[in-house]
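Since every read-out is calculated from the coordinates, none of them should be taken as a lab result. All values reported here derive from a predicted model rather than from experimental measurement. Don't worry about glycine lacking a Cβ; one is built from the backbone with ideal geometry, like all the others, and counts go over all protein chains shown.
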Amino acid sequence: MEALFYVIPLCMIGLAGYGATRLMRRARDIRGAWNHGLTAEARCLRAFTTTRNDSTTQHHVYEFTTRDGRYIRFEEAYGPATTVEGDIVTVHYLPDRPERATAHAPARGKLAAGSGCVLLFLGFFIAFCIAFMIIVHAFFSAAEGFGF
């Protein structure tokens, strides 16, 4: 029973770490595409929204042709609601990873602030899990001292 108080927080820490890694990788890809990437005109093939826990997210599916002639199709969340099917937008992509393109206009401060806030939250979450395990360990150690 005591092991559950360690296993569950460790699993939660692992999931938070995985989320932080994915967030940082995506932010790095977007920043790289903005700073060092190429641009292309893309057509919005589909625009749709998803609703989850009273939160609505706008998604777009784009298709573009790279400079070497490859057709790339990708989906991106949190796009502008004013982009509809058939619109032409500018996408930024790295030549070696065009499937990780972005149609978001360069906004380095917004990207840094958003990523930083999420990382700060995940850091507090991980710290809470660690503090919880320390408190549980102290409780069970004290309980053994009293013969429980």
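Against the main long axis of the alpha-carbon atoms of the chain, helix 108-145 sits at an angle near 20°.
With contacts taken as Cα pairs under 8 Å and at least 6 residues apart, segment 4-142 reaches a relative contact order of 28 percent.
Run the dipole for the chain about the Cα centre, Lys and Arg Cβ at +1, Asp and Glu Cβ at -1, nothing else charged, and hand back the magnitude in debye, nearest 20. Display every interim value, and only then the final one.
Working: 15 positive and 13 negative charges, 86 e Å.
Roughly 420 debye for the chain.
Among Asp54, Asp96, Asp87, the ranking by other beta carbons within 10 Å of each residue's beta carbon, starting with the fewest, stands as Asp54, Asp96, Asp87. If R0 is taken as 25 Å, the Cβ-Cβ distance between Asp68 and Arg43 corresponds to a FRET efficiency of 0.85. Angle, helix 4-36 long axis vs. longest principal axis of the chain, Cα atoms, 0 to 90°, nearest 10? Around 20 degrees separate the two axes.
Checking (1) 19.1, 73; (2) 21.8, 74; (3) 17.1, 57 against Rg and Dmax of the Cα atoms in Å calculated from these atoms, the matching label is (2). Of the trypsin sites (Lys or Arg not before Pro) found in segment 40-92, those that fall in a DSSP loop while having at most 16 other beta-carbon atoms within 10 Å are Arg67, Arg70.
When the chain is described by a simple charge dipole with +1 on each Lys and Arg Cβ and -1 on each Asp and Glu Cβ, the residue from Gly14, Gly116, Pro98 located farthest towards its positive end is Pro98.
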